[in-house]
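What follows draws every value from the coordinates through simple rules; no lab data is involved. What you see is a predicted model, and the numbers here were worked out from it, not measured in a lab. As a convention, Cβ positions derive from the backbone with ideal geometry for all residues, glycine included, and neighbour counts pool all protein chains shown.
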Protein chains: 2
Amino acid sequence: MAIERKNLRSQVRSELLERMRTGLAKPGEGINEVQLAAELGVSRTPLREALIALESEGQITSENGKGFRFVPLSAGEFEDLAPVMAALESLALELSPIDELKMVGARLVELADAFSDELVEHKLVISRDDEWHAVMLSVCPNKRLLDVIESVRGSFHRYESLLVAEDVKVERVAAEHAAIARALAAGDVPAAAEALRTNWMQGMRRILDNASTAYFTA
Amino acid sequence: MAIERKNLRSQVRSELLERMRTGLAKPGEGINEVQLAAELGVSRTPLREALIALESEGQITSENGKGFRFVPLSAGEFEDLAPVMAALESLALELSPIDELKMVGARLVELADAFSDELVEHKLVISRDDEWHAVMLSVCPNKRLLDVIESVRGSFHRYESLLVAEDVKVERVAAEHAAIARALAAGDVPAAAEALRTNWMQGMRRILDNASTAYFTA
DNA sequence: TCAATGTATTCTGTATACAACACACTATGG
DNA sequence: CCATAGTGTGTTGTATACAGAATACATTGA
């Protein structure tokens, strides 16, 4: 068995992301380093390192003498993220070898079909969703692009997890995914890209419509 | 006058980027923290913080017990970056208000024309290039997208600066920029996006063709 | 009462200290 | 002679210490 040897800062980073997702860390909230460090059972050093990493991923902000703060949620920023994700994933499709894409498309159809059968809690939906997109991107050879996608998706997920209620319109998503998958299986990349775009934009719209406005600052 | 108050880690970050650009920091080279910190006249703390920030921007890598190292240059990664930049900037154009875009197009035509008049050293070309793209993106309302663009451009520039010789084919670049600008001034966004794409891909190709292969690891 | 200025306290930004790990070298056994 | 265990040195990862800035509070004057 491979024992995992991870440094504290990556663990702290994960924990912070988790807290942002579960809402334990409230958007816009200032961060007291000594207090948070004590809470996590580590010193300020790895905490600060994790904060800095998250900052350059766009998940946290800092002002010079004033320390770090969780970025406040804004509907505007969330709306901004969706088209970026769509464009990036579309590009990933364009750059993937067409024949491999077709094969992946077949698998994606299965996965999408499996979706609609069940009505599960939101958390599971997201992880399934992730899995689905991971499969779709698995044949893209552009590693740098995948890095960027993952980074942006991190920010997107933050909103998704915070704003979505438990059991909302799971079927619609499945239908959209199925559309993408069928286009891919048929080798029609432009159609798939278009479907992907609507998937992201609709998904964003659904979430915003269902969101309690409590979280938003503006 | 506004006095600039910057913390060490951001200054260190800039300095490291500068060294990567000028080649003072060699690609693939391991980083000795105490030595580098002493060289910069700071302690390890802000240095490490800068390194971590650069790492999550993809400009530096780290392995757990082994510290940081400047990422080695690979032609493959450079080729990967160009289409990403093209897609992102194209998206930025699509998202910009069309009327403002036309006005900006007019200014860009002027700037592009100014380009071809002079034959200057490469460093200047890059800064002009940057300025030009900044103007082009100035009317894009999607702030998150601009963040992503800046991050990716950082990586792209690193290659550009390291690989390009002094005085190479400046006119061609100006011509491509002029094409983009004219399309924008005419309000033809798809054409501009297409021209933008060729600009990035050609630019990448030019650089790779002229590059001494010395830098590349693979 | 309220504004303004001085003071105290809290927190960040940076430096230093320390412990554990990684790698190189040596020595020892086969 | 080779392999391997032992030992030592250098470097990273983390903790702590310290200085200066930012904020809150109090005090003084109108």
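Each residue of the stretch B:41-53 in order: what ³J(HN,Hα) in whole Hz does its phi give by Karplus 6.51 cos²θ - 1.76 cosθ + 1.60, θ = phi - 60°, with x for Gly and Pro?
x, 10, 8, 5, 4, x, 4, 4, 4, 5, 4, 5, 4
Put a dot 7 Å past each Cα toward the Cβ at B:Glu79 and A:Thr61; how far apart are the dots in nm?
Between A:Thr61 and B:Glu79, the label points sit 4.1 nm apart.
When you look at the Cβ of every residue in B:150-163, what mean number of other chain Cβ atoms sits within 10 Å?
1
Considering only B:Asn199, B:Asn64, B:Asn142, give the residue with the highest GNM mean-square fluctuation for chain B, with springs between Cα atoms whenever their separation is below 10 Å.
Fluctuation is largest for B:Asn64.
When the scattering of chain B is computed by the Debye formula from its Cα atoms alone, each counted once and equally, what is log10 I(q)/I(0) at q = 0.13, 0.14 Å⁻¹?
Once normalised to I(0) and log-transformed, intensities are -0.82, -0.93.
Using the 7 Å Cα-to-Cβ label point, sort the distances from B:Gly65 to its equivalents in the other copies shortest first and give them in nm to one decimal.
Once sorted, the set of distances for B:Gly65 reads 4.3 nm.
Averaged over peptide A:92-99, how many Cβ atoms belonging to another chain are found within 10 Å of each residue's Cβ?
1
Output the Cα-based Rg and Dmax of the stretch A:1-91 in Å, rounding Rg to one decimal and Dmax to a whole number.
Here Rg and the maximum Cα pair distance are 15.1, 46 Å.
Calculate the mean, over all residues of peptide A:49-56, of how many other protein chain Cβ atoms lie within 10 angstrom of the residue's Cβ.
For peptide A:49-56, the averaged partner shielding equals 5.
So the label point sits 7 Å from Cα along the Cα-to-Cβ vector; using that for A:Gln202, what distances do you get to the other copies, in nanometres, sorted shortest first?
Reported distances to equivalent positions: 4.0 nm.
Gain in length, B:Arg69 to B:Arg44, computed as 0.36 nm per residue apart minus the alpha-carbon separation, to one decimal in nm?
Between B:Arg69 and B:Arg44, full extension yields an extra 7.5 nm.
By how many nm would the segment from B:Met103 to B:Leu8 lengthen if fully extended, with 0.36 nm per residue of separation less the alpha-carbon distance?
Separation in residues times 0.36 nm, less the Cα-Cα distance, equals 30.2 nm.
Relative to the longest principal Cα axis of chain A, at what angle does helix A:122-137 sit, 0 to 90 degrees, rounded to 10?
Rounded to the nearest ten degrees, it is 60.
Against the longest alpha carbon principal axis of chain A, how many degrees, from 0 to 90 and to the nearest 10, is the axis of helix A:170-185 turned?
Taking Cα atoms only, the helix is inclined about 60 degrees.
How far is A:Ile98 from itself in the other copies, in nm, if each label sits 7 Å out from Cα along the Cα-Cβ line, shortest first?
When each copy's label point is compared with this one, the spacings are 3.1 nm.
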